[in-house]
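Colleague: To start, I am sharing the structure in question, which I have written as structure tokens.
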Amino acid sequence: MKYVRCDLLMERASQLCGQIALAIGQQCSAKNRVATSASMMRATSFPMGGIRQDSSHQRHRRQCSVDQQLSFQGESFHPTAAPVLSAPTLPENPALKADLLQHMSGFEENLSDPNSPAYQAYLWLANSKGFEELDLSRKLQRFGLVAFYKSTTPDYDWKVSNRWQTHQHECGWFGITCAVDDTVTEISLPRNRMSGSIPPEIALVGLGGQLGKLDLSGNHIGGELPEQLGTLTHLEMLDLRNNDFTGPIPPELGQLSMLKSLALQANELSGDMPNQVCSLAIGSGLVELMADCDPADPFSKVTCDLDTCCTHCD
């Protein structure tokens with residue numbers, strides 16, 4: 001009878017395992033070298049068009065990685081995926097919120113709703129670069145502009161929005177003109193692929209008392225016209241034509257005693273032109289008042305007398 005030494009068998013088995021592992025590693029290295037050489041040869045055949053990236057080398061590397069995966073009792077184990085981290089929440093500023101609410105009576109809900117443009121503009125301003133150096137008038141002005149920006153970009157970005165919602169001075173933002181004291185005098189953004197709606201916070205942009213022109217024509221802004229437009233009492237031109245505004249024309253527009261041109265045509269506005277607005281055409285400086293008031297047009301839904309109120313009906 002022949003006897004087999006167990007220690008020799010175990011040693012031999014260990015040597016065979018090592019040889020197999022070495023062979024697999026050499027095979028993978030050889031495949032990678034061949035794939036790399038083939039990729040380089042193909043790349044050199046395109047001297048004028050640049051190096052063409054070939055994926056065969058990557059495929060061999062992936063296959064070798066699969067061959068060398070760790071296994072235990074027949075199960076493969078893959079590397080643990082990195083955790084997905086959520087974006088940090090910006091801190092609030094109670095003092096700023098108090099200042100905003102002092103000038104926005106009745107808008108507590110807007111500044112408490114994380115999904116509202118007002119709340120998003122408030123958080124942006126509270127955490128913006130150079131915030132502490134701003135005086136109150138500029139804080140309110142920047143807040144009103146950013147709330148307007150966020151309210152008119154719900155579906156897609158503006159066509160041009162250079163420097164908007166940045167730390168740079170708001171008087172340098174695209175479409176904004178200011179006086180020498182940094183007070184906004186014009187907002188001119190026609191045909192700029194704007195959507196959404198005009199927020200009531202637009203009123204804070206006019207607190208400086210010099211906003212004389214607001215041109216938002218040729219966009220896709222909808223919803224009802226906010227009554228807060230009537231607080232922009234220094235407006236001389238308000239151009240809202242060719243948009244998607246709906247509902248009645250707010251009588252608060254009759255408070256714009258300095259208004260010379262009001263363009264409301266090519267919208268979905270309806271109802272009577274308010275008497276308060278017509279009074280501007282009779283006893284004030286309003287020389288141009290346009291609306292969808294053509295009685296012969298079935299799509300015109302605004303009623304306005306051409307003799308005593310509107311100067312043009314589409």
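The values are calculated or read from the model by the stated rules, or taken from the named source; none is laboratory data. Note that this is a predicted model, so its numbers are computed, not measured. Here the Cβ positions follow ideal geometry from the backbone for every residue, glycine too, while neighbour counts run over all protein chains shown. Protein only, heavy atoms only, side chains kept; ligands, DNA and RNA dropped before computing areas. Shrake-Rupley method; radii C 1.70, N 1.55, O 1.52, S 1.80 Å.
Colleague: Can you pull out every residue in the stretch 123-132 that is among the aromatic types (Phe, Trp, Tyr) and either exposed (fewer than 12 other Cβ atoms within 10 Å of the Cβ) or more than 15 Å from the chain's Cα centre (by Cα) (or both)? Break it down stepwise before answering.
Modeller: Kept after step one, since they are among the aromatic types (Phe, Trp, Tyr), are these residues of the stretch 123-132: 124, 131.
The one that is among the aromatic types (Phe, Trp, Tyr) and either exposed (fewer than 12 other Cβ atoms within 10 Å of the Cβ) or more than 15 Å from the chain's Cα centre (by Cα) (or both): 131.
Colleague: Somewhere in the stretch 171-180, is a residue touching a helix residue (DSSP H, G or I) at 6+ places or on another chain (Cβ under 8 Å) and part of a helix (DSSP H, G or I)? Before the answer, list the steps.
Modeller: Here is the first cut: in the stretch 171-180, the residues touching a helix residue (DSSP H, G or I) at 6+ places or on another chain (Cβ under 8 Å) are 173, 176-178.
Restricting the remaining residues to those that are part of a helix (DSSP H, G or I) gives none.
The answer is no, given that none of the residues of the stretch 171-180 is touching a helix residue (DSSP H, G or I) at 6+ places or on another chain (Cβ under 8 Å) and part of a helix (DSSP H, G or I).
Colleague: Within the stretch 106-162, how many residues turn out to be closer than 19 Å to residue 216 by Cβ and acidic (Asp, Glu)?
Modeller: Number satisfying all stated conditions: 2.
Colleague: Just one of the numbered conditions (1) surrounded by 21 or more Cβ atoms within 10 Å (Cβ to Cβ); (2) in a loop (DSSP other than H, G, I, E, B); (3) over 33 Å from the mean Cα position of the chain (by Cα) is not true of residue 235; which one?
Modeller: (3)
Colleague: Also, quick follow-up: Restricting to the stretch 210-226, what's the tally of residues that are open to solvent by 30 Å² or more (accessible area, probe 1.4 Å) and either farther than 23 Å from residue 273 by Cβ or at pLDDT below 95 (or both)?
Modeller: 2
Colleague: Considering only residues that are part of a loop (DSSP other than H, G, I, E, B) and open to solvent by 50 Å² or more (accessible area, probe 1.4 Å), which ones fall in the stretch 133-163? It would help to see each step written out before you state the result.
Modeller: Keep residues of the stretch 133-163 that are part of a loop (DSSP other than H, G, I, E, B), which gives 134-135, 152-163.
Listed by number, the residues that qualify are 135, 154, 155, 156, 157, 159, 162, 163.
Colleague: Could you tell me whether any residue of the stretch 102-122 is under 18 Å from the mean Cα position of the chain (by Cα), surrounded by fewer than 18 Cβ atoms within 10 Å (Cβ to Cβ) and polar (S, T, N, Q)? Talk me through it step by step, then tell me what you get.
Modeller: Keep residues of the stretch 102-122 that are under 18 Å from the mean Cα position of the chain (by Cα), which gives 113-122.
Now restrict to residues that are surrounded by fewer than 18 Cβ atoms within 10 Å (Cβ to Cβ): 113-115.
Subsequent filtering for residues that are polar (S, T, N, Q) retains 115.
Yes, the stretch 102-122 has at least one match.
Colleague: Can I ask one more? Let me confirm something: among 207, 232, which residue is touching a helix residue (DSSP H, G or I) at 6+ places or on another chain (Cβ under 6 Å) and modelled with pLDDT under 95? Talk me through it step by step, then tell me what you get.
Modeller: On the way: 232 fails: modelled with pLDDT under 95.
Of 207, 232, the one residue that is touching a helix residue (DSSP H, G or I) at 6+ places or on another chain (Cβ under 6 Å) and modelled with pLDDT under 95 is 207.
Colleague: Could you tell me how many of the residues in the stretch 212-245 are touching a Phe, Trp or Tyr at 6+ places or on another chain (Cβ under 9 Å) and aromatic (Phe, Trp, Tyr)?
Modeller: The qualifying residues number 0.
Colleague: Quickly run through the stretch 120-140 and pick out the residues that are in contact with a helix residue (DSSP H, G or I) (Cβ under 9 Å, 6 or more places away or on another chain) and not charged (D, E, K, R). It would help to see each step written out before you state the result.
Modeller: Here is the first cut: in the stretch 120-140, the residues in contact with a helix residue (DSSP H, G or I) (Cβ under 9 Å, 6 or more places away or on another chain) are 120-122, 124-126, 128, 131, 134, 136, 138-140.
Passing the criteria: 120, 121, 122, 124, 125, 126, 128, 131, 134, 136, 140.
Colleague: Return the only residue of 186, 201 being of a type in the set (Asp, Glu) and open to solvent by 40 Å² or more (accessible area, probe 1.4 Å). Break it down stepwise before answering.
Modeller: On the way: 201 fails: open to solvent by 40 Å² or more (accessible area, probe 1.4 Å).
One residue alone meets the criteria, 186.
Colleague: When the residues of the stretch 268-314 are narrowed to those that are part of a helix (DSSP H, G or I) and open to solvent by 40 Å² or more (accessible area, probe 1.4 Å), which ends up modelled with the lowest pLDDT? Break it down into steps so the answer makes sense when it comes.
Modeller: Residues of the stretch 268-314 part of a helix (DSSP H, G or I): 275-283.
Subsequent filtering for residues that are open to solvent by 40 Å² or more (accessible area, probe 1.4 Å) retains 275-276, 279, 282-283.
On the way: 275: 95, 276: 95, 279: 94, 282: 82, 283: 75.
Only one residue fits best here, namely 283.
Colleague: For a quick check of your reading of the model, give me the residue pairs whose first member lies in the stretch 150-169 and is at negative phi, whose second is open to solvent by 80 Å² or more (accessible area, probe 1.4 Å), with beta-carbon atoms closer than 7 Å and at least 6 apart or on different chains.
Modeller: If the second residue must be open to solvent by 80 Å² or more (accessible area, probe 1.4 Å), the pairs left are 156/193; 158/193; 159/193; 167/129.
Colleague: While we're here: Checking residue 265 against (1) part of a strand (DSSP E or B); (2) touching a strand residue (DSSP E or B) at 6+ places or on another chain (Cβ under 6 Å); (3) of a type outside the set (Asp, Glu), which test does it fail?
Modeller: (1)
Colleague: Shifting gears a bit: Would you check which residues across the stretch 247-267 are open to solvent by less than 60 Å² (accessible area, probe 1.4 Å) and among the hydroxyl-bearing types (Ser, Thr, Tyr) and list them?
Modeller: So the first thing to find is which residues in the stretch 247-267 are open to solvent by less than 60 Å² (accessible area, probe 1.4 Å), and the list is 247, 249-254, 256, 259, 261-267.
Matches in the stretch 247-267: 261 only.
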